[in-house]
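Visitor: The structure that follows is given in the form of structure tokens.
The values are calculated or read from the model by the stated rules, or taken from the named source; none is laboratory data. Please read all numbers here as calculations on a predicted model, not as lab measurements. Please note: Cβ atoms are built from the backbone with ideal geometry, for glycine as well, and neighbour counts cover all protein chains shown. We work out accessible area using only protein heavy atoms, side chains counted, and drop any ligands, DNA or RNA first. Shrake-Rupley method; radii C 1.70, N 1.55, O 1.52, S 1.80 Å.
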Amino acid sequence: MWFSFWRSRDRFTLDHLRYLTDQLAKVQIVNEVNKDFVIEALRSIAELITYGDQHDPSFFEFFMEKQVVAEFVRVLKLSRTVSIPLQLLQTVSIMIQNLRSEHAIYYMFSNEHMNYLITYSFDFHNEELLSYYISFLRAISGKLNKNTISLLVKTRNDEVVSFPLYVEAIRFAFHEENMIRTAVRTVTLNVYHVGDECVNRYITSVPHTDYFSNLVSFFRNQCMDLNRLVSETLKNPCPDSTSTIIAAVDEIEDNLYYFSDVISAGIPDVARLITDSILMLLIFPLLLPSLRVVDANDMQSGVVTSLYLLCCILRIVKIKDLANTIVVALFYPLETFTRFSRGKVNGYISEFGLTSISQEPDDDNIAKGNAGCLTVNVPNSSSSSGFDPESVMSEDNCSSSNLALREVLLSYVTKGDDVLVWGSLSVLATLLQTKELDESMLDRLGILPQRKQHKKQLLQALVGEASGEDQLFSSENSLMRDGSGCELDVYLEKIKEQYGLSFLPSDFLMSPRVPRFQVLDALVSLFCRSNISAETLWDGGWLLRQLLPYSEAEFNSHHLELLQVSYKNSATALVKEVRGFWPDLLITVLCNEWRKCKKAMESSYPPKEPKCILFPSQMLSSEDIPEGSSFAAGEKMHELVKVFVVLHQLQIFTLGRPLPEKPLIYPPGDLPANSRAQTSGLDVSGPKPGTEVSLVNAVPCRIAFERGKERHFCFLAISAGTSGWLVLAEELPMKKLYGVIRVAAPLAGCNPRIDDKHPRWLHLRIRPSSLPVLDPAKFNPNRKLKTKAFVDGRWTLAFRDEESCKSALSMILEEINFLSDEVHRRLKPLLNLETALDLSGPEEDSSSHSTTPPNSV
């Protein structure tokens, strides 16, 4: 024991290091007999050098004097087993990662030993060896700076002619193993961020520039795989679909963030190389042509994926030329990109619906471009705004080849299904938030907020560029005078020169007001649609909120009238819910959604991320919701409330008023003295099992909760404000006309009915006491019910005679009416648009609605 103790203490000594190096120098062959000693010697030397670097410089001086790295290389050449290369790569990696002395790093990188190891012919069929090798490259790249990088390159006439670390690393850039791809990207980023001009010229020279186009090609394949997943999921959903799509989306976004990191290194020409590759290999041949809905039965999977990818690229890859080129491309008609979508690009068929890999790349690579230019003309639109949604969609032709892509997006907003609307709104919202876009480009798209226009015009007026009054009150011509069309013209010319695409602009490009009319018309028409989900309308509301305030000439009385009609229709639908299954929770849900909607509308970002459009509907399937169930009614009520709330808040926004923190509803009223709640002795907190209650108004009955076990109770129906309960109480034998509550259930939605064959039986539906939106703990992330908590129950009460049964029915209906009337009374100021807008005016105190006294309808 003592020998072992002292031996472990002596390990970290110079003598032990000398012993190990001497023994390693004596090795003339590495075989099964001595491989364990060699492995242990390599491992121990790494520990000693790391220890000496931090505690005793003499360790590394000895290491250099004996040229131990050269011994490592000699042992590697002698090895015939895979275990030695594994340990050697690990040893060198550990040493490089842990050495703190800059002098030590210089020595490790000098004498070409590292380059020899980098270029050594390892057997990469061994996955573990490949993993150690990539870690070795990453360890070296982590120590790169402008001084050390020169030790790893070869130069001729001050130009880099060889850089093994970079060249060998990118060989594995597209390996099937994600961890290896990630490590290679780390190596490349460490190289790029050194900022050495000679190395940068080497990286951006032929053939090394192929790496960037290959990156985009690899990314394009991932986009195709994603589209296949989305298409299969839409047609045949399965439990693992969402997790599979999420994994694919994460990988796609990781790729885009890598592009962004590469660009942030600031290497000249890299941004241009990536921009050209993304446009020529992905945007022009794949994404833009896929915005066309080819077949109504195709579930629009290609369109959905394309809309998501456009948003993703614009959000993450911060290249001004790329963003502006995408915007300008939206002014081209679909047929402009026909030559891309019908051809092959580097051996890949470019339609999302026809994705297959060719074994031999096409010689006529589309990236090389054609000599001629495709010239098309955008036809003039017939409507005053240059865009007529009805005529566009009248023949289910959402994406006519004559329409500009921008108009295709707007046509999806006006007539597309829920997913297409959501995707198109996401693209417009992403463009609005893209800082790389010039404001004049946003204005041409019709999504430049008026406040930004007025700010710009005010600044021009202040510096004396034109008459201030003329600048501020002549929106149609002011942007033309300040040259807003110049940016668009520049990129139109760039697309023509670089990519061989040209078209003759229509009249609407000459007038900046037309695009604003188009976007405004599309958004207003969206809120007139009844087949769009509330979540999508919230996205549309957010976008409309960003574009407000509009001038009267643009946001006119016709738009206000359309929004008011939609609001009134929504209010009518909401009133019906007062007599529905869930009136007791209607105000609670409305207040919750008001707060959420206000937060979403006033946020700097849209309510949902673009990737949400890729996932199947979050609503439960018909198999999970029985037909006619209260749960289905609750989902419908929740949806109606969300639509009503966003339409109501838009009414306030259009008047330029701030949103109140809470909806404008009356406070709770006092309970009548003769109400059943008062006479029974219950308060608004509701009945609880074991609570004593008066049975003055109770009706005796029998019920069997288990087969063959009938029990006697006294039945009560009670409402208190906007709450109500069905109560079964057990009479107290020692206290006449009093009992103890044993069971209570919600009054609303009980749907009382006397049995047709047994007039003494009363059937009641027993609804859940809460909704999923108010009790999310009962749901898991996949929206599957954890329990049967939301399945309706049934009570069948048996009374002594028909009169008792009718009396119980009458009591239930009366209390339901009291409850519904109280809910309607409290909602009345909110349902009346003129009253609600008056109460929300700036001259009113925010608490005024809470002191409104009326107790009657």
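Visitor: Which entries in 568/599; 235/415; 642/806; 26/154; 662/688; 636/757 show an alpha-carbon gap greater than 27 Å?
Guide: Values: 568/599 23 Å; 235/415 22 Å; 642/806 38 Å; 26/154 33 Å; 662/688 30 Å; 636/757 33 Å.
In this structure, 642/806; 26/154; 662/688; 636/757 exceed 27 Å between Cα atoms.
Visitor: Set the Förster distance to 22 Å, then compute FRET efficiency between residue 260 and residue 167 from the Cβ-Cβ distance, nearest 0.05.
Guide: Rounded to the nearest 0.05, the efficiency is 0.40.
Visitor: Give, as a single signed number, the net charge of other residues whose beta carbon lies under 14 Å from the beta carbon of residue 421, with Lys and Arg counted +1 and Asp and Glu -1.
Guide: Local net charge: -1.
Visitor: Would you please calculate the Kirkwood hydrodynamic radius of region 104-172 over all C-alpha pairs and express it in Å, rounded to one decimal?
Guide: Its Kirkwood hydrodynamic radius stands at 12.8 Å.
Visitor: Still on this model: Debye calculation, C-alpha points only, no solvent: report log10 I(q)/I(0) for region 209-338 at q = 0.09, 0.15 Å⁻¹, in the same order as the q values.
Guide: -0.27, -0.73
Visitor: On to the next question. Which FRET efficiency, nearest 0.05, do residue 218 and residue 12 yield, Cβ-Cβ r, R0 30 Å?
Guide: It comes out at approximately 0.05.
Visitor: Please report the net charge: other residues with Cβ closer than 13 Å to the Cβ of residue 200, K and R +1, D and E -1.
Guide: -2
Visitor: Step through the residues of region 265-279 one at a time and calculate ³J(HN,Hα) from phi using the Karplus curve (6.51 cos²θ - 1.76 cosθ + 1.60, θ = phi - 60°), rounding each to whole Hz and writing x for Gly and Pro.
Guide: 5, x, 6, x, 6, 5, 4, 5, 4, 5, 4, 4, 5, 5, 5
Visitor: Under the classification rounded if a/c is under 1.5, otherwise prolate if a/b is larger than b/c and oblate if not, where does region 685-728 fall, given a ≥ b ≥ c as square roots of the Cα gyration tensor eigenvalues? Provide the component values of the computation, followed by the final result.
Guide: Numbers: a/c = 2.22, a/b = 1.88, b/c = 1.18.
Prolate shape, in that a/c is at least 1.5 and a/b is the bigger ratio.
Visitor: May I pose another question? List, in order, the whole-Hz ³J(HN,Hα) value for each residue of region 816-830 obtained from phi through the Karplus relation with A = 6.51, B = -1.76, C = 1.60 and θ = phi - 60°; use x for Gly and Pro.
Guide: With the stated coefficients, region 816-830 comes to 4, 5, 4, 4, 5, 5, 5, 4, 5, 4, 5, 7, 3, x, 7 Hz.
Visitor: Calculate the FRET efficiency for residue 225 and residue 318 from the Cβ-Cβ distance with a Förster distance of 25 Å, rounded to the nearest 0.05.
Guide: 0.50
Visitor: Still on this model: Tally Lys and Arg at +1 and Asp and Glu at -1 over the other residues with C-beta under 13 Å from the C-beta of residue 233: what net charge comes out?
Guide: Details: positive: 228, 235; negative: 225, 232, 240.
So the surrounding residues net to -1.
Visitor: Rank 419, 262 by accessible area, highest first, at a 1.4 Å probe radius? Don't jump to the answer; show the numbers that get you there.
Guide: Values: 419 55, 262 0 Å².
Sorted by accessible area, descending: 419, 262.
Visitor: Taking H placed 1.01 Å from N in the peptide plane, check which residues at least 5 places from residue 162 or on another chain put their amide H under 5 Å from its amide H.
Guide: 154
Visitor: For residue 711, list long-range residues whose amide hydrogen, built 1.01 Å from N in the peptide plane, is under 5 Å from its own amide hydrogen.
Guide: Residues meeting the amide H criterion: 703, 704, 705.
Visitor: Also: For region 9-121, rounded, prolate or oblate, judged on the Cα gyration tensor with a ≥ b ≥ c (square roots of eigenvalues), a/c < 1.5 rounded, else prolate if a/b > b/c?
Guide: On the way: a/c = 1.85, a/b = 1.24, b/c = 1.50.
Because a/c hits 1.5 or more and a/b fails to exceed b/c, region 9-121 counts as oblate.
Visitor: If you don't mind, there's one more thing I want to ask. Does region 637-690 come out rounded, prolate or oblate by the C-alpha gyration tensor, with a ≥ b ≥ c the root eigenvalues, rounded set by a/c under 1.5 and, if not, prolate when a/b is larger than b/c and oblate if not?
Guide: prolate
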